[in-house]
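The values are calculated or read from the model by the stated rules, or taken from the named source; none is laboratory data. All figures in this text were calculated on a predicted structure; none of them were measured in a lab. So basically every Cβ, Gly included, is an ideal-geometry build from the backbone, and we count neighbours across all protein chains shown.
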């Protein structure tokens, strides 16, 4: 038997009662399972009667084991009966557990909030009409040529953008050398912006063997405090100049890149096809994201803090993966950032709020439409994953069983239902195509309106008006 009530917008309290017959059976099972752990004088180990054990250790000696047997199934049945969807771990209080009496549990748990869905079919959304042009193909091919360029020494001529300069340099601050401020035969690509701002630009036009004094200022937030904000002079000698020489775009270069192709025309057609497919994928993802966000904005729902915090953890996990690719741990990065990990968390709270709200909206659509993952759809998805990860051992059914054991099968089912909800939004959307020029004009109008609204905000009448104006300017700068 279950009684329940709402104690908050997204929290419920359950009173769960398990019949005394099930309690008595569980107490007997707990006794037979645990009796070998008790040593009672006058009895061989594991042979003491249950009543003797309860008299010596107390009648509640088996309660924990009984609660493990009955509590979780009773809670799951109660949730199913009340048709609620928990989003947190339950807080369980045992009210009563005695022989010949029903087990009574009080459970508080967060659940998905109930809210009314806005109209999610027929939503109007704009899509920028874009096509891959010959210029786009040329840019892609030029980037490939640059990747396969060979460096050729320049004996005569001036240092240009993208050249590789081999240099010796010695840096001083207030006339004194500083640690890390000198190097010999250092390879510096001009335009890479790997040195302090202004350094590389001052070498443009230099010739082989020339010496130059380069004056720069270290950033105020430079990681070495003793150099931050200070002016430095570098004495630089150009030892060598190497210039990238691009390969000709001919049939032989095409065959070097793609063995299955023999002509430039074939290659250009393939590039056009791949760039078009990539553009379509990116536009599809962008349209879906904007459509989801637009519908979610119309949902009047208070997003539970626990769901927002869960999304923050997901975002930090994605960021941590990116950092690991760069060879940096999250702790190392947090130490380098002012405000540490707390700042990283707060920076992601807005995005996490949007994600959590969008997920609630999509879950509500799934429920409203009765979307389910069919056995055929699950098998198809399992096959796709087996092919992607080159799983050659075992059948689809065996892989499904492994996925079920580690929880991935439920994730696959949710992914299928989620995809159905997103496809429903897109298929029923009123998609209006606009040109890139129209999109740019609209973006410009929005920026102008934002700026006008900021300028029209009156300063406060109190003595802190200057502070408010500065805050407004800071906000405007961040938006731009």
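Annotations
- Any hit, region 158-168, residues being over 30 Å from residue 269 (Cα atoms) and out of contact with any strand residue (DSSP E or B) (no Cβ under 9 Å at 6 or more places or on another chain): yes
- Hits in region 77-101 - residues which are in a loop (DSSP other than H, G, I, E, B) and either more than 24 Å from residue 306 (Cα to Cα) or in the same structural domain as residue 363 (by TED's automatic domain parsing) (or both): 97, 98, 99, 100, 101
- Considering (1) touching a residue at least 60 places away in the same chain (Cβ under 8 Å); (2) under 30 Å from residue 274 (Cβ atoms); (3) under 34 Å from the mean Cα position of the chain (by Cα); (4) assigned to a loop (DSSP other than H, G, I, E, B), the lone condition that residue 193 does not fulfil carries the number (1).
- Subset of region 19-39 [out of contact with any helix residue (DSSP H, G or I) (no Cβ under 6 Å at 6 or more places or on another chain) and farther than 30 Å from residue 1 by Cβ]: 35, 36, 37, 39
- All positions within region 218-256 that are in a helix (DSSP H, G or I) and surrounded by 14 or more Cβ atoms within 10 Å (Cβ to Cβ): 251, 253, 254, 255
- Region 40-65, subset out of contact with any helix residue (DSSP H, G or I) (no Cβ under 8 Å at 6 or more places or on another chain) and more than 30 Å from residue 91 (Cβ to Cβ), residue surrounded by the most Cβ atoms within 10 Å (Cβ to Cβ): 52
- With respect to the conditions (1) touching a strand residue (DSSP E or B) at 6+ places or on another chain (Cβ under 9 Å); (2) assigned to a helix (DSSP H, G or I); (3) at pLDDT below 95, residue 22 lacks only one, and its number is (3).
- Of the helices (runs of 4 or more DSSP H) entirely within region 343-436, those holding at least 1 residues that are within 23 Å of residue 313 (Cβ to Cβ) and free of Cβ contacts under 8 Å to residues at least 12 places away in the same chain occupy 349-369, 408-428.
- Region 130-154 - residue that is surrounded by fewer than 12 Cβ atoms within 10 Å (Cβ to Cβ) and in a loop (DSSP other than H, G, I, E, B) and, of those, farthest from the chain's Cα centre (by Cα): 133
- Of all the residues in region 102-122, those that are in a loop (DSSP other than H, G, I, E, B) and in contact with a strand residue (DSSP E or B) (Cβ under 7 Å, 6 or more places away or on another chain) number 2.
- Check on residue 198, outside any strand (DSSP E or B), in contact with a strand residue (DSSP E or B) (Cβ under 7 Å, 6 or more places away or on another chain) and surrounded by fewer than 14 Cβ atoms within 10 Å (Cβ to Cβ): yes
- Meets criteria (touching a helix residue (DSSP H, G or I) at 6+ places or on another chain (Cβ under 6 Å) and either modelled with pLDDT of 95 or more or closer than 29 Å to residue 62 by Cα (or both)) for residue 121: yes
- When the test is whether a residue is closer than 30 Å to residue 203 by Cβ and loosely packed, with under 15 Cβ neighbours inside 10 Å, residue 157 passes it.
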